Amino acid sequence: MNADGDPSDPKGDRWFAKVYELAGDDAANVPWAALAPNSLLADWLTRHAVRGKRVLDVGCGLGDNAEAFAAAGAQVCAFDYIERAVAWAKQRFQDSAVDYRVADLFAPPQEWREAFDLVHECYTLQTLGTTMLPAAASALASLVAPEGRLLVISSAREPDEPQSTPWRPLTRDEIEGLAVDGLSLEELDDFPQQGCLSRRWRAVFRRSRTSATRGRRAGE
Ligand SMILES: C[S@@+](CC[C@H](N)C(=O)[O-])C[C@H]1O[C@@H](n2cnc3c(N)ncnc32)[C@H](O)[C@@H]1O
């Protein structure tokens, strides 16, 4: 992957499908599958109540983050555009209360529009080329209900830092650039590299009371 992504696979779906296919039934072959909730999410959940809230987990992979939200009492919908990932998550969590779906962030079901109190994305944006980021930002924002929040966890880098991974950690400008279509940045934490864990961002954005759709119609 380069800064502009792979032009023959702009959304990365062929690449992700191949990874899940080659993994067989062994999660050790899925590089991001920790088989536990992300530590920055787990930490966030100790201080933020989600009980009863409508939560959407974007690019859910094998489901651990979605399950963490459900364990905290949220009503969770989680999706991935790779069928194998969704089937795998369902197989791992057979009694789950999570509503697992196959869907594409760039073409979400209409009924998800502004439907979630909290939209969560972890490590998916960093797999996109820079040219896809604005569309991804708008797609994420479109799912957040008025007064709802977007929580993003991503690897972080300085703009001039050489890239040494197949994914592309986000710069501060890129993470702050997710504040679009009525979202504003509420919190941005910068976690330094710790052992094998790279430097990471945890960002929270909030939508104002006015919905993006109404705002645009009113010409705001
Ligand atoms: C790097 S993995 C991270 C998985 C999970 N969020 C985690 O933290 O373990 C990115 C996931 O997002 C999914 N994905 C990437 N682009 C997507 C899109 N446009 N719509 C839905 N899922 C997507 C991939 O299939 C993959 O499962």
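The values are calculated or read from the model by the stated rules, or taken from the named source; none is laboratory data. Model, not experiment: these values are computed from the prediction. In this analysis, Cβ positions are derived from the backbone assuming ideal geometry, glycine residues included, and neighbour counts consider all displayed protein chains. Remember, those area values only see protein heavy atoms, side chains included, never the ligands or the DNA or RNA. Shrake-Rupley method; radii C 1.70, N 1.55, O 1.52, S 1.80 Å.
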Those residues of region 105-147 which are hydrophobic (A, V, I, L, M, F, W, C) and away from the ligand (no atom under 13 Å from the Cβ) amount to Ala115, Phe116, Leu118, Ala141, Val144, Ala145
Condition test on Arg149, is it open to solvent by less than 40 Å² (accessible area, probe 1.4 Å) and either modelled with pLDDT of 95 or more or not small (Gly, Ala, Ser) (or both)? no
Considering region 11-30, residues that are assigned to a loop (DSSP other than H, G, I, E, B) and more than 24 Å from Ala139 (Cβ to Cβ), and then whichever is most open to solvent (accessible area, probe 1.4 Å), we arrive at Asp25
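Table: residues versus (1) without any contact (Cβ under 8 Å) to a residue 12 or more places away in the chain; (2) more than 13 Å from the ligand (Cβ to nearest atom); (3) open to solvent by 40 Å² or more (accessible area, probe 1.4 Å); (4) out of contact with any Pro (no Cβ under 9 Å at 6 or more places or on another chain).
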position	(1), (2), (3), (4)
Trp32	no, no, yes, yes
Asp43	yes, yes, yes, yes
Val50	no, yes, no, yes
Asp57	no, no, no, yes
Gly63	no, no, no, yes
Phe69	no, no, no, no
Ala78	no, no, no, yes
Glu83	no, no, yes, yes
Ala89	no, no, no, yes
Restricting region 185-211 to residues that are in a strand (DSSP E or B), farther than 25 Å from Phe116 by Cα and not polar (S, T, N, Q), the one modelled with the lowest pLDDT turns out to be Leu197
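Considering only residues that are aliphatic (A, V, I, L, M) and under 15 Å from the mean Cα position of the chain (by Cα), look in region 143-166 and name the one that is nearest to Gly182 (Cα to Cα).
Per the stated criteria, the residue is Val144.
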Checked region 136-184 for anything of a type in the set (D, E, K, R) and either within 19 Å of Arg202 (Cβ to Cβ) or in a loop (DSSP other than H, G, I, E, B) (or both); matches are Arg149, Arg157, Glu158, Asp160, Glu161, Arg168, Arg172, Asp173, Glu174, Glu176, Asp181
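Select from region 106-134 the residues that are in contact with a Pro (Cβ under 8 Å, 6 or more places away or on another chain) and in contact (Cβ under 8 Å) with a residue 60 or more places away in the chain and write down the one among them that is surrounded by the fewest Cβ atoms within 10 Å (Cβ to Cβ). Break it down into steps so the answer makes sense when it comes.
We begin by selecting, within region 106-134, every residue in contact with a Pro (Cβ under 8 Å, 6 or more places away or on another chain); these are 114, 126, 129, 131-132.
Adding the requirement that they be in contact (Cβ under 8 Å) with a residue 60 or more places away in the chain leaves 114, 129, 131-132.
Values: Glu114: 17, Gly129: 18, Thr131: 12, Met132: 19.
In this case the residue turns out to be Thr131.
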